Every structure is written in structure tokens, then in C-alpha cells.
Amino acid sequence: MHQILIVEDSPTMRSLVVSALEELGAPVKITEAASGFEALRELPRGEYDLIVTDINMPDINGLELISFVKRNAAYRSIPLLIISTEGSERDREKGLGLGADAYLVKPFDPEALRRAARELLDKAREA
């Protein structure tokens, strides 16, 4: 079973992401965090196979969360997928430069999200 942490401050968007990932075709356990701060509290509570995060959030934003995850030996191997309204090339490069593995722009196609999640989960399993 894959454990996925979804970090998104919008309840509606979080619900859309959860719905899309529940149809991955593989068993998943999804944990939701409404902020980067909540995500930092959840990280030690599970063994996550994937983190899906927004960038623009109150308190700790997605870029700060990615930076923390990639600097921490216990979490740095967890694949990170950004889903954001920030669609500029500069934002994309910044997120990927900090260590995110994939970047989708909102509004996203649920199938594109599932495809990206499957690729990252498969890559993590092979590592």
C-alpha cells in the first residue's frame, strides 16, 4: 500500500487531489494536511511514498516544505509533486530546483496527476 501526504490549504482542491489519487489503481492511504506546518507534524507519523504539495499556503509554504524535506536525511528520498496555480517557468524551475520531482499547474487534469503520481511511486520503488 502506498502512503501519500497531500498538503493543500484549499479544502476543495484537497478533495479533488484525494479523489484523483484514490483512483490510482493501487491501494493508497492518504493523509491530508491543510498547511505546511501540519505537514511537518504529519511527516514523522507515517512512512510516505509521495508528497503532493501546493506552493501558496499560509505559515510554511510549499517551497519551504520541499526545502525542509530535501535537507532532512529521514525524508529526502520521498518523491515530491507540486500542484500550483503558479504556472510561470520561473516558479516551475524554483520548485524543481529545490528538489521537487514533478510540477503540475492548476487546474490540472486528474489523469495527468495520476500519471505523474504513478511514475514517481514506480521510480521510488526501484530506488
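Side notes on the structure shown:
- Calculated on C-alpha atoms, the gyration radius of the range 1-49 divided by its Kirkwood radius gives an Rg/Rh of 0.96.
- Considering only Cα atoms, the convex hull volume of the range 66-127 works out to 76 Å³ per residue.
- Relative contact order of the range 2-126: 25 percent, from C-alpha pairs under 8 Å at least 6 residues apart in sequence.
- Value of Rg to Rh for the range 23-80, rounded to two decimals, is 0.96; Kirkwood radius and Rg both from alpha-carbon coordinates.
- Sites matching trypsin sites (Lys or Arg not before Pro) across the range 38-127 that sit in DSSP coil, with at most 12 neighbouring C-beta atoms within 10 Å: Arg76
- In sequence order, calculated HN-Hα J values of the range 40-45 (Karplus, 6.51, -1.76, 1.60; Hz; x Gly/Pro): 5, 6, 7, 3, x, 8
- Packing, taken as the mean count of other beta carbons within 10 Å per residue, orders the peptides 12-22, 59-69 from highest to lowest as 59-69, 12-22.
- Summed over qualifying helices (DSSP H, 4 residues or more, each -39500 (n - 2.57)) and divided by its residue number, the chain shows a 222 nm mean residue ellipticity of -13500 deg cm²/dmol.
- What the Kirkwood sum gives for the chain is a hydrodynamic radius of 14.2 Å, with every pair of different alpha carbons counted.
- Beta bridges from DSSP with both residues in the chain: antiparallel share about 0 percent, rounded to the nearest 5.
Each reported figure results from applying straightforward, stated rules to the coordinates on display, with no laboratory input. Note that the structure is a prediction, hence the values are computed from the model and not measured. Ideal geometry is used to build each Cβ from the backbone, glycine not excepted, and the neighbour counts take in all protein chains shown.
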